[in-house]
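These notes concern the structure reproduced below.
The values are calculated or read from the model by the stated rules, or taken from the named source; none is laboratory data. Because the structure is predicted, anything quoted here is derived from the model rather than measured. Using ideal geometry, Cβ is built from the backbone for each residue, glycine included, and neighbour counts are taken over all protein chains shown.
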Amino acid sequence: MPEERGTYYITTPIYYASGKLHIGHAYSTVAADALARFKRMQGLKVRFLTGTDEHGQKIQKRARQAGVAPQQFVDRIVQDILHLWDVLHISYDDFIRTTEERHVKVVQEVVSKLWEQGDIYKSTYTGWYCVECESFWLPRQLQEGLCPDCGRELEKVTEESYFFRMSRYAEPLLQHIRTHPEFIQPESRRNEVISFIEQGLEDLCISRTTFDWGVPIPWDRSHVVYVWLDALSNYISAIGYTRDPDLFAAYWPADVHLVGKEIVRFHAIIWPAVLMALGLPLPRQVFGHGWLVLEGGKMSKSKGNVVDPLVLVDRYGVDAVRHFLLREIPFGSDGTYSEEALIARTNADLANDLGNLVHRTLSMVERYLEGRIPVPGHLHRIDQELRETLAAAAAQVQRCMDELRISDALASIWEVVRAGNRYLDRTAPWSLFRHGDVERGGTVLYNVCELIRITAVMLTPYLVDTPGKIWRRLGLEEDPGSITWAEVGEWGKLPPGLRVRSGEVLFPRIDERRAQSDGRPTSGRLPGGVGE
Ligand code: ME8
């Protein structure tokens, strides 16, 4: 497995280049980013892949509506997506576009290999197609004649098509799922997939002829490859399948494909069946996270109620948005997004707990110690307890991140922040200084400063601006992101004598009424996107 080789390969879904992305897409990508950053901190050689899914009937249709060629259409949307990932500080190592030659070639090689070995045959497809989900459905799967996934009207399709013999792989796949409990997570998703396969797997239609915006089937160019087979292949085309054996060997099989719950089926059935047919090992895990929903229900472009992450970052800052996304919703469950919840979370965690801890501590260092980090004296029991709380929390963070419980990992870091505030309340250094006990007062402040330094390091996978800001206020010049996870356990590295700067408050409290009065909606039809 890559992780045992010191590498870690993590992917997000490749998003449709069909319109602007919303907060739901940002949610998946920020979560993957936090995991990637955490694994890098642990010393693994991480490859974090994201990208765009640019072919298919839906995109061809949108491009036509916009009156531009499909390539021109997707090129424009990809620029917006890249900008969004910049704004959110997404640390991807590679960005794959399915219209790139390196990808198209691999898709053609994949289908050719399957064709040559008899895993693909030609027949006629008659059934239903959902253009929005780019999914084929059998009559028995429809819900009141509509798409069982998105509830939209379906197209009746009768086409000559190529089929992948997926039914061949049903048994080996079930066997793999049963013997590898970690393969599909969380558990509820795993059970859904098992019962789906148990109902019987049909062969999969893998080519279309009624439009041409796709990868041509090499031996029969009137067909284009089904967009999901095209898209799923990104996970291997991006690491040089058939082109760069060293790169491929270093990162395949992937450690985790992080996806939304609605596309687990594609990743946990179609993709592994194709990989089995190619003779490739299966990814270690497909993790299906929950949805971010609005109080009124599902976010959707057609309802015009999608939330624009760019407006939120502009209004509240990148770390408030990242923190909210990562902390508010247990990863794996659905969660409700509201701007009030974002404000409440920012005020409680960032302004009150963290911001206060940093501000009150550094203000005291300035007031009582001439702004210099003091030399600590010997430790009291209460100081030992503080260190133990920190060590226990760090161990818990690691456990949570190993299980992709990102929100719980942040909760553990906040245990430390709150422990720091409680420690200050109980030791009352202001009173020690007033009574002339400079040595004990200095030790207490040293301990809190050291706690803050380490907390900032622990926060680097999740928050991108704040840890560096905190370090600079402590007088440290390096980048806290360069510190390894092992060093989190090393207490006492904060050098005495540094000059601190309490500065402006880190996170001013947000006044809920003022926040929403600047007139710009955070939700609605996103400008620039093509409406449905
Ligand atoms: O499905 N809450 O692309 P897509 C949480 N191109 N996550 C959400 C979300 C929400 N409300 N809305 C979207 C596709 N997402 C295919 C993928 S992969 C080989 C091809 C996230 O643009 C979530 O990760 O529709 C979901 O799976 C993904 O965006 C769907 O993005």
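Considering only residues that are closer than 23 Å to ARG472 by Cα and charged (D, E, K, R), which ones fall in region 323-380?
ASP349, ASP353, ARG360, GLU366, ARG367, GLU370, ARG372
Residues in region 140-195 that are under 27 Å from ASP212 (Cβ atoms), in a strand (DSSP E or B) and not hydrophobic (A, V, I, L, M, F, W, C): how many?
Looking only at that region, the number is 7.
Condition (residue is within 9 Å of the ligand (Cβ to nearest atom) and either part of a strand (DSSP E or B) or in the same structural domain as LEU292 (by TED's automatic domain parsing) (or both)) applied to region 239-254: is it met by at least one residue?
For region 239-254, residues within 9 Å of the ligand (Cβ to nearest atom) and either part of a strand (DSSP E or B) or in the same structural domain as LEU292 (by TED's automatic domain parsing) (or both): absent.
Could you list, in sequence order, all residues of region 5-18 that are out of contact with any Lys or Arg (no Cβ under 6 Å at 6 or more places or on another chain) and farther than 20 Å from GLN285 by Cβ?
TYR15, TYR16, ALA17
Being part of a helix (DSSP H, G or I), outside the structural domain of PHE287 (by TED's automatic domain parsing) and farther than 27 Å from ARG473 by Cβ narrows it down to one residue among ASP425, ASP408; which is it?
Unique residue meeting the criteria: ASP408.
So in region 487-528, with the set limited to residues that are of a type in the set (Ser, Thr, Tyr) and not assigned by TED's automatic domain parsing to the domain that holds GLN384, which one is modelled with the highest pLDDT?
For region 487-528, the residue satisfying everything is THR522.
Out of all the residues in region 291-324, which are on the phi > 0 side of the Ramachandran plot and either assigned to a strand (DSSP E or B) or within 13 Å of the ligand (Cβ to nearest atom) (or both)?
Once the filter is applied, which keeps residues that are on the phi > 0 side of the Ramachandran plot and either assigned to a strand (DSSP E or B) or within 13 Å of the ligand (Cβ to nearest atom) (or both), region 291-324 yields only GLY297.
Look through region 42-80, keep the residues that are under 30 Å from ILE483 (Cα atoms) and not basic (Lys, Arg), and return whichever of them is surrounded by the fewest Cβ atoms within 10 Å (Cβ to Cβ).
GLY43
For region 216-226, does any single residue satisfy the condition of being buried (at least 23 other Cβ atoms within 10 Å of the Cβ) and either within 9 Å of the ligand (Cβ to nearest atom) or in a helix (DSSP H, G or I) (or both)?
no
Of all residues in region 428-448, which are in a loop (DSSP other than H, G, I, E, B) and under 17 Å from PRO376 (Cβ atoms)?
The one that is in a loop (DSSP other than H, G, I, E, B) and under 17 Å from PRO376 (Cβ atoms): ASP437.
Considering only residues that are within 8 Å of the ligand (Cβ to nearest atom) and among the acidic types (Asp, Glu), which ones fall in region 1-58?
The one that is within 8 Å of the ligand (Cβ to nearest atom) and among the acidic types (Asp, Glu): ASP53.
In region 255-290, which residue that is more than 14 Å from the ligand (Cβ to nearest atom) and farther than 21 Å from ASP33 by Cβ is surrounded by the fewest Cβ atoms within 10 Å (Cβ to Cβ)?
Ranking the candidates gives GLY279 first.
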